[in-house]
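These notes are about the structure you will find just below.
Only the coordinates and a few stated rules stand behind these numbers; no lab work does. Here the structure is a predicted model, which is why all the values come from computation and not from measurement. Backbone-built Cβ (ideal geometry, glycine too); neighbour counts: all protein chains shown.
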Amino acid sequence: MNTRTALKILPRAAALAFLGALLLTAGCASNAKTAAKPTVPPSQIAVYESTDLLHSQYTLVQHVWLDSWRSNFCVPSFSTEAQGLEAMKRAASDAGANALLHIVCVDGSTKPGQGPGLYCYGDAIRLN
């Protein structure tokens, strides 16, 4: 290998090394997990209407089933509102919330007589 070839390869190798270091650094800079808060059993998750609480009385934990990129492709559907509410309570409990707020279930059936296909969503919150 002569010096001319070495001078052509050196910038490419340096660029690849820099790119590799950048990718490794980006992987290490992901969101750190916070200390896990004690989970509340799903049966003890309280459900509030939007007029029951002031914004200062709670902290939003997550929008149940809507914060994930997966919601662009599929959202769970339920036969009854009770089934949807129980599933939302489990999801809120898993997220570390102790209550649900703004619960809505809408009919997602596209054809008459298709049978129920309810889509439920709401906010998992932690009371202050």
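With respect to being touching a Leu at 6+ places or on another chain (Cβ under 8 Å), hydrophobic (A, V, I, L, M, F, W, C) and under 12 Å from Y121 (Cβ atoms), L101 fits the description. For the stretch 57-85, a tally of residues being crowded, with 16+ Cβ neighbours inside 10 Å, of a type outside the set (F, W, Y) and farther than 10 Å from C120 by Cβ returns 2.
Scanning the stretch 59-83 for residues that are under 19 Å from A99 (Cβ atoms) and either part of a loop (DSSP other than H, G, I, E, B) or of a type in the set (A, V, I, L, M, F, W, C) (or both) returns L60, V61, V64, W65, L66, D67, A82.
Candidates T59, T51: the one that is among the β-branched types (V, I, T), touching a residue at least 24 places away in the same chain (Cβ under 8 Å) and out of contact with any helix residue (DSSP H, G or I) (no Cβ under 8 Å at 6 or more places or on another chain) is T59. In summary, S109 fulfils each of the numbered conditions (1) surrounded by fewer than 16 Cβ atoms within 10 Å (Cβ to Cβ); (2) part of a helix (DSSP H, G or I); (3) of a type outside the set (F, W, Y) with the single exception of condition (2).
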